[in-house]
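Okay, structure first, notes after.
The values are calculated or read from the model by the stated rules, or taken from the named source; none is laboratory data. Being a predicted model, the structure only gives us computed values, none of them experimental. We place every Cβ from the backbone using ideal geometry, glycine too, and count neighbours over all the protein chains shown.
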């Protein structure tokens, strides 16, 4: 009777079928640009910490991490941790992974995640010859210690992301066995269909019962809903905004708040400040909110109560006006094809708004994503839409895009107000003072018409009811360890 009472409510003979598009191009977690939506990696790789759906850092492979001083963090690793092949996971595995990431000959895209550690940048750039100069110590099999050069409010959060997770192998190839640290391990990979079968990792520290996973390769996102309706997949990763109303009442619909810093941007050399402000102010954001079926108002910075006491919004001044400095010819409004029909509809709508109130002609242009990214790096379009998934729930994680040298600083800005105040925010430890600094930075961005925020983002997904207890955090990371 007790066995029946405490048995899982879901029959684990069932398989959760999840679509994916491009994760296999970067199966090595250290090569990820962002953890957002990297569901294959969330199933296979875990780190010292995890970020739960309340934006709280909780222990994962570590039993705890504690600051010994303002710059020294010590983490105790759980005892009896094992890789998916049964080998023990120790502090040495983490230490060797960090050396692998920072090696001057490696080209991992996110090695800067560790640059706040003393001498890490120097070693990665070749000016410090020995990794022993980097202030990461494996004190014993279960103790790691990090010493930072300067305060980094994001550092602990970086120890919860797959890009700094421990790896046992150096070469990742889907045709050879992959050794993982997470709740799942790969059972079978079909090189023809690109399907990935996963089974629960029997050596993972959390022994909860789990269903099998099947990652199904789908090159075209638009067919996810038809496949879901035919019971061929169990998860739709993004419901198009036009279809949200019809699905919202369905028991499979889930709206998940995700922290992003998406915005409409400008080429500052082509669009002057007065024109940018006018383009920001005439938009009917309530109508745009309805068009996008969003929970938050576009035109607002809204990162939640932890970061701001209230949203910071552009004030609407919807009136027809003549701008002497406005562009006289049609200008391009560029966006990635990954946004699909949602971005196309938004572009057409903005085109009508700016023509109606400012007599500015724009031409929405959908561009293949790699070409779009290249264009942003080389020469900014006059107007563009950019998405930035945040990696931490901190305001600094969003506004650091305006720091000189940051790869997201597409404007190449060296604005003294932003430099000074973002540096203050980075070094501030008191939450209330962080909010004040965050508020002043965002108000400055609005008052100078630097960007138009698209507002609070809700990820609308479909998830078949037996799997509804699957937890997504606000960085669009999935905790596959428990259901």
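Being without any contact (Cβ under 8 Å) to a residue 12 or more places away in the chain and more than 25 Å from the chain's Cα centre (by Cα) is a property that does not hold for residue 251.
Here is a yes/no grid of residues against (1) assigned to a helix (DSSP H, G or I); (2) closer than 18 Å to residue 28 by Cβ; (3) in contact with a helix residue (DSSP H, G or I) (Cβ under 6 Å, 6 or more places away or on another chain):
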| site | (1), (2), (3) |
| --- | --- |
| 79 | no, no, no |
| 94 | yes, yes, no |
| 97 | yes, yes, no |
| 101 | yes, yes, yes |
| 106 | no, yes, no |
| 122 | yes, no, no |
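Quick check on the stretch 288-316: of everything there that is outside any loop (DSSP other than H, G, I, E, B), modelled with pLDDT of 90 or more and touching a helix residue (DSSP H, G or I) at 6+ places or on another chain (Cβ under 9 Å), which residue is farthest from residue 433 (Cα to Cα)? It comes out as 288. For the structure I just gave you, tell me whether residue 64 is modelled with pLDDT under 90, in contact with a strand residue (DSSP E or B) (Cβ under 6 Å, 6 or more places away or on another chain) and not assigned by TED's automatic domain parsing to the domain that holds residue 390. The answer is no for residue 64. Restricting 204, 215 to those that are outside the structural domain of residue 62 (by TED's automatic domain parsing), in contact with a strand residue (DSSP E or B) (Cβ under 6 Å, 6 or more places away or on another chain) and either part of a loop (DSSP other than H, G, I, E, B) or buried (at least 16 other Cβ atoms within 10 Å of the Cβ) (or both) reduces the list to 215. Can you tell me which residue within the stretch 47-61, out of those that are closer than 20 Å to residue 181 by Cβ and without any contact (Cβ under 8 Å) to a residue 24 or more places away in the chain, is surrounded by the fewest Cβ atoms within 10 Å (Cβ to Cβ)? Ranking the candidates gives 58 first.
Is at least one residue of the stretch 361-369 out of contact with any strand residue (DSSP E or B) (no Cβ under 9 Å at 6 or more places or on another chain) and either assigned to a loop (DSSP other than H, G, I, E, B) or at pLDDT 90 or above (or both)? The answer is no; no qualifying residue exists.
If the condition is being at pLDDT below 90 and farther than 27 Å from residue 238 by Cα, then the stretch 324-360 contributes 324, 325, 326, 327, 328. Which of the residues belonging to the stretch 426-452 are modelled with pLDDT of 95 or more and touching a helix residue (DSSP H, G or I) at 6+ places or on another chain (Cβ under 7 Å)? Across the stretch 426-452, the qualifying residues are 437, 438, 440, 441, 444, 448, 449, 451, 452. Residues of the stretch 158-188 that are in a strand (DSSP E or B), surrounded by 13 or more Cβ atoms within 10 Å (Cβ to Cβ) and out of contact with any helix residue (DSSP H, G or I) (no Cβ under 9 Å at 6 or more places or on another chain): 187 alone.
Report, by residue number, each residue of the stretch 224-258 that is part of a loop (DSSP other than H, G, I, E, B) and in contact with a helix residue (DSSP H, G or I) (Cβ under 8 Å, 6 or more places away or on another chain). So that I can check it myself, show each step before the final result.
Residues of the stretch 224-258 part of a loop (DSSP other than H, G, I, E, B): 230-234, 237-240, 249-252.
Those that are part of a loop (DSSP other than H, G, I, E, B) and in contact with a helix residue (DSSP H, G or I) (Cβ under 8 Å, 6 or more places away or on another chain): 233, 234, 237, 238, 239, 240, 251, 252.
Return yes when residue 4 is in contact with a helix residue (DSSP H, G or I) (Cβ under 6 Å, 6 or more places away or on another chain) and either at pLDDT below 95 or surrounded by 13 or more Cβ atoms within 10 Å (Cβ to Cβ) (or both) and no when it is not. It is false that residue 4 is in contact with a helix residue (DSSP H, G or I) (Cβ under 6 Å, 6 or more places away or on another chain) and either at pLDDT below 95 or surrounded by 13 or more Cβ atoms within 10 Å (Cβ to Cβ) (or both).
Selection of first residues in the stretch 207-223 that are without any contact (Cβ under 8 Å) to a residue 12 or more places away in the chain and of second residues that are assigned to a loop (DSSP other than H, G, I, E, B), restricted to Cβ pairs under 9 Å at least 6 apart or on distinct chains, gives the following pairs, ordered by first then second residue: 220/21. The listed residues are 44, 73, and the only one of them that is crowded, with 22+ Cβ neighbours inside 10 Å and touching a strand residue (DSSP E or B) at 6+ places or on another chain (Cβ under 7 Å) turns out to be 44. For the stretch 317-336, a residue qualifies if it is without any contact (Cβ under 8 Å) to a residue 40 or more places away in the chain and in contact with a helix residue (DSSP H, G or I) (Cβ under 9 Å, 6 or more places away or on another chain), and the qualifying residues are 317, 318, 319, 320, 322, 324.
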